[in-house]
Structures are given as C-alpha cells and as structure tokens.
1. State all residues of segment 225-256 that are in a loop (DSSP other than H, G, I, E, B), open to solvent by 40 Å² or more (accessible area, probe 1.4 Å) and of a type in the set (A, V, I, L, M); if no residue qualifies, say none.
2. Output the residues belonging to segment 156-186 that are open to solvent by 40 Å² or more (accessible area, probe 1.4 Å), without any contact (Cβ under 8 Å) to a residue 24 or more places away in the chain and closer than 19 Å to residue 12 by Cα.
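The values are calculated or read from the model by the stated rules, or taken from the named source; none is laboratory data. Keep in mind that what you see is a predicted model, and the values were worked out from it rather than measured. Here the Cβ positions follow ideal geometry from the backbone for every residue, glycine too, while neighbour counts run over all protein chains shown. The accessibility values were calculated without ligands, DNA or RNA, using every heavy atom of the protein model including side chains. Shrake-Rupley method; radii C 1.70, N 1.55, O 1.52, S 1.80 Å.
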Amino acid sequence: MTCSRGHESSTTDYCDVCGVPMQGDRAGSGSKEAGGAHPGPEAGVAVPCPVCGTARVGRFCEEDGYDFLLTPPTPAAPTPGAPTPAAPTPGAPAPAAPTPGAPAPAAPTPAAPAPAAPTPAAPTAAAAERSWQLVVDADAGYFDLVRSFGGAEAGSLAFPRFVVARRFTLEPRQMLVGRRSRSRGVRPDIDLTGPPEDPGVSHLHALLVPQPDGWAVVDLGSANGTYLNDPSTPPIVAATPVPLGDGDRVYLGAWTRLTIRADG
C-alpha cells in the first residue's frame, strides 16, 4: 500500500518508512494493539532498564527485551542491621573531640530494618530440568470456526495452501508473541509475520511468561482475542496470566495454533 506521503509500505496500519497512519486500515488486521492501554514513557524522562541499564525508549528494552509494564522492578531491600550513615549538613560544625577521662557516649540504638521484599517462587527441580518448545502451525478446523463467525473480512480469508510447522525454544524470560512492525519498533520473540502471514494476529498480541512449574499466556488486548485449547469457548481475559502445561494449545489470528511442549 501507499501512504499519504507516497511511500510504499508493507504494513497496513502505519507506514513502515515514515510512520504516518495508513488510510483504509482493515479491521481485524491487528491494528488494535495493547499500546492503547499501556502508554509509553513520559517525554523527557529517561527510565533505565533494571536489567542492563539501557535507557527506555518503548515498552520493551532494546537490549534484553525487559517489559517495563507487566513486571515493574522491585527495589532491593536494605541489609538488616546495617544503618545508613547520615550525610553531613553543609556548614555544620564538626563534632567536638571527646574530653580525656569523660565517659564515652552511649551508642545509638540501630533503627529496625525494613521488611525484606518478597522472594519470587523458584522453579521446581522438575521444571528447571525441562526445556520447552513452542510449535507454530495452522489449524484448518479453527480457521473454519473463525469464518463461521462472519465479520467484515471473513469472506476474503483463505486458508494457506502450504504451511511448514516452526519450532521456537522458550527461554526463561518473558517472550512476546506477535507480528513485527518496523515503524513501531515491534520485534516479537515469537514472530508470526510469516510466510504465510496470518492477518488476524496483532503486532503486540500476547506474552508467554515463565512460571515455577511451566508457563502462562497473557493476552495484551489483541484485536481478535486469544483462545486456550477449545477455540469455541470465549477468549481468555486480557492482561490476566493463564497457566499453560505440556501439550496445551493456544489459538490466535485466523488460523494460527501454538502448541507448548516440554522436553526432558
């Protein structure tokens, strides 16, 4: 498509050359993003990433992918029994030297230590020994169900003639699922851009979050929803982690199926 400034763009929501909104953005093409409910950082305020210290320029850290919105950093608790020395007041006189033979002043009573921050639950031994895979393929039954729901573009959808299943190794961190967008700076860990490209997958569609005994999926307010195991049931609630285990299936877009597998 061509934007209002004459650039040829491969995306249909914003021009991937200059970033202006495209005319005629299709409903259900993933244009409704979680970004509407999650504003970016305030202008002029440099927020460092708590993992690597890189200045924040968007929702995800440019270096390590840290999500600034879902899991805000917890400040480290002070060491119990270690009082913080007070800084000297500018212009205040230095403390007087002790008089020979005078009794030593009583030591100040240390302040009670602040309560320690809660420690996240550690993965179980069985979960730590497992490696997790995500298999991405197309499901014809789910596609037929999506078309039966109707909609503005249901008649123009076509099931892909040839799909090769793709495998992603899940790392022990949050992993973004969606479609990349150069104009918005979106680079998903599980990139469903294709080919073939499922137009019903949002750019910021969902997150996979590691848990002590498996994983959880979080819908990021996607345009067409995220379904677990049975796509004929209502979609999962946005911004709410839903546990996943070995063999669970996640449906999104017009035909995409994600299957989580535990090895070992």
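1. Looking only at segment 225-256, we keep the residues that are in a loop (DSSP other than H, G, I, E, B), and these are 225, 229-241, 245-248, 253-255.
Adding the requirement that they be open to solvent by 40 Å² or more (accessible area, probe 1.4 Å) leaves 229-230, 232-235, 237-241, 246.
If the condition is that a residue be in a loop (DSSP other than H, G, I, E, B), open to solvent by 40 Å² or more (accessible area, probe 1.4 Å) and of a type in the set (A, V, I, L, M), then 237, 238, 239 are the ones that fit.
2. 156, 158, 180
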